[in-house]
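The values are calculated or read from the model by the stated rules, or taken from the named source; none is laboratory data. Given the structure is predicted, the values throughout are model-derived calculations rather than measurements. For neighbour counting, all protein chains shown are included, and Cβ atoms are generated from backbone atoms with ideal geometry for every residue, glycine included. Side chains included, ligands, DNA and RNA excluded: accessible areas come from the protein's heavy atoms. Shrake-Rupley method; radii C 1.70, N 1.55, O 1.52, S 1.80 Å.
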Amino acid sequence: MKTALLVIDVQMALAHEDAAGAVRSCPEASENIARLLSQFRASGDKIIHVHHHGTDANDPFYPDAPGAAVQPFAAPQNDEQVIIKHVSSAFGGTTLLSDLRGAGIERVIISGATANHCAESAARSASSLGFDMVYASDAVWAYEATGPDGVTHSAEQIHSVTLANLHGEFGAVQSTDEILATA
């Protein structure tokens with residue numbers, strides 16, 4: 001099955017949040033994304049980098065803001081495709097769907113940030129659009145959040161619930177080791 005790796009929103013705005021002390025799940029996610037990139041590069045499989053660009057000049061992901069830059073370990077190389085999005089899902093308002101279909105891609109592997117936002121949005125969209133979706137459980141991360149009811153949910157809880165929501169319903173949730181073993 002022809003496969004593409006999607007690396008979603010691995011940008012400096014999130015590294016800045018980490019440096020400021022944000023509580024994050026899955027500290028090994030960056031290393032695992034790098035491992036996936038290395039394997040896909042070695043095999044010549046398709047890699048698509050998806051970067052978020054905010055439309056508000058105060059957004060840390062605004063194109064001219066330092067946060068819009070890509071984290072160095074996930075920087076596109078050579079002719080790796082880059083898609084710029086302005087909404088949560090990588091498929092919204094972009095050429096991603098036609099690009100994947102044009103390349104004959106049947107399976108997408110989702111990695112990047114954040115587990116419960118843009119990575120999850122892309123995973124749900126990919127599944128709904130008919131792709132075999134694999135969500136890299138340890139190549140995504142989430143942040144602690146407080147709900148409208150005032151209850152704070154740990155980064156690990158949010159990460160875990162995201163995996164539970166996706167697995168089986170929208171595709172497979174697999175570890176990086178599992179993905180690499182079958183790539």
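Summary table
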{"read-out": "MET12 accessible area, 1.4 Å probe, all protein chains in place, Å² to nearest 10", "value": "50"}
{"read-out": "Top positive-direction residue, dipole computed over the chain with Cβ charges, set ALA4, PRO66, SER125", "value": "ALA4"}
{"read-out": "Per-pair calculated FRET efficiency, R0 = 30 Å: ALA57 and LEU180 via Cβ, rounded to 0.05", "value": "0.15"}
{"read-out": "Residue order for ASP177, ASP138, ASP64 - accessible surface, 1.4 angstrom probe, largest first", "value": "ASP64, ASP177, ASP138"}
{"read-out": "Within the accessible area of the stretch 1-96 (1.4 Å probe), percent carbon and sulfur", "value": "52"}
{"read-out": "Fraction of accessible area attributable to carbon and sulfur, the stretch 140-183 (%, probe 1.4 Å)", "value": "52"}
{"read-out": "Cα principal axis extents for the stretch 85-183, largest first, Å", "value": "46, 33, 20"}
{"read-out": "Relative contact order [Cα under 8 Å, 6+ residues apart], the stretch 12-169, whole percent", "value": "25"}
{"read-out": "Residue-wise HN-Hα coupling along the stretch 167-174, computed from phi with Karplus coefficients 6.51, -1.76, 1.60 (Hz; x: Gly, Pro)", "value": "5, x, 7, 10, x, 9, 10, 9"}
{"read-out": "The chain, accessible area per residue, ligands and nucleic acids excluded (1.4 Å, Å²)", "value": "46"}
{"read-out": "Interatomic Cα distance distribution for the stretch 141-183, bins of 5 angstrom, percent", "value": "5, 20, 19, 21, 16, 10, 5, 3, 1"}
{"read-out": "The stretch 1-80 shape via C-alpha gyration tensor axes, a/c threshold 1.5", "value": "oblate"}
{"read-out": "Between the stretch 22-94 and the stretch 155-183, the Cα center-to-center distance that results, in Å", "value": "19"}
